[in-house]
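S.K.: Once you've had a glance at the structure underneath, I'll fire off some questions.
The numbers here are math on the coordinates, done by the rules we state, and not lab data. Quantities reported herein were computed from a predicted structural model and do not represent experimental measurements. Counting neighbours? That spans all protein chains shown, and the Cβs are built from the backbone with ideal geometry, glycine included.
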Amino acid sequence: MKTRKIPMRMCVGCREMKEKKLLLRIVKNAEGIIAFDRTGKASGRGAYICRNAACLAKARQQKQLERALETKIDDGIYNNLEKEINE
């Protein structure tokens, strides 16, 4: 019997490899809108982050999310992402 390979992704905050289903995907679509991708299948440039505020804060401080999505991210978007993680 074959065992299925578990997809792994790196968190942009803590830089640890974790299972894809344990991470949140943040995507920048063709229009440049940045949002959470609940399905994990939305088209656009994606980045993964742990489900805790500390990783988001670290990614924000080191501008890792901006590098991963290849765009400037303003404070309003970070605040929205923080609210989503805390829910």
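S.K.: Whose amide H sits under 5 Å from the amide H of residue 14, counting only residues 5 or more places off or on another chain, with H placed in the peptide plane?
M.R.: 50
S.K.: Less than 29 Å apart at the alpha-carbon level, and either on another chain or at least 8 residues along: which lysines does that give for residue 63?
M.R.: 18, 20, 21, 28, 41, 72, 83
S.K.: With θ set to phi - 60° and the Karplus curve 6.51 cos²θ - 1.76 cosθ + 1.60, what are the ³J(HN,Hα) couplings of region 14-21 in order, to the nearest whole Hz, using x for Gly and Pro?
M.R.: With the stated coefficients, region 14-21 comes to 8, 6, 9, 7, 9, 4, 3, 5 Hz.
S.K.: Also: Which cross-chain or sequence-distant (5 or more) residues have an amide H under 5 Å from the amide H of residue 8, H modelled 1.01 Å from N in plane?
M.R.: Excluding prolines and chain starts, which carry no amide H, the hits are 20.
S.K.: Taking the inverse of the average 1/r across all pairs of different Cα atoms in region 8-86, what Kirkwood radius in Å do you get? Could you put the intermediate results ahead of the total?
M.R.: Values: mean 1/r = 0.0814 Å⁻¹.
For region 8-86, the Kirkwood estimate is 12.3 Å.
S.K.: Here's something else I'd like to know. Find me the longest stretch of the chain that has none of the exposed trypsin sites (Lys or Arg not before Pro), where exposed means in a DSSP loop (not H, G, I, E or B) with at most 11 other Cβ atoms within 10 Å.
M.R.: Working: sites that count: 2, 4, 5, 38, 41, 72.
Excluding the exposed sites themselves, the longest stretch runs over 6-37.
S.K.: Karplus couplings for region 24-38 from phi (6.51 cos²θ - 1.76 cosθ + 1.60, θ = phi - 60°), rounded to Hz, Gly and Pro as x?
M.R.: 9, 9, 10, 10, 10, 7, 4, 7, x, 7, 9, 7, 6, 9, 5
S.K.: Where is the GNM fluctuation largest for the chain (alpha-carbon springs, 10 angstrom cutoff): 31, 70, 16?
M.R.: 31
S.K.: What is the magnitude of the charge dipole of region 8-86 about its Cα centre, with +1 placed on the Cβ of each Lys and Arg, -1 on the Cβ of each Asp and Glu, and no other charges, expressed in debye to the nearest 20? Could the numbers behind the result be given before it?
M.R.: Details: 17 positive and 10 negative charges, 67 e Å.
Using Cβ point charges on Lys, Arg, Asp and Glu, region 8-86 gives about 320 debye.
S.K.: Starting from the amide H of residue 71, placed 1.01 Å from N in the peptide plane, find each other amide H under 5 Å away whose residue is 5 or more places distant or on another chain.
M.R.: Residues meeting the amide H criterion: none.
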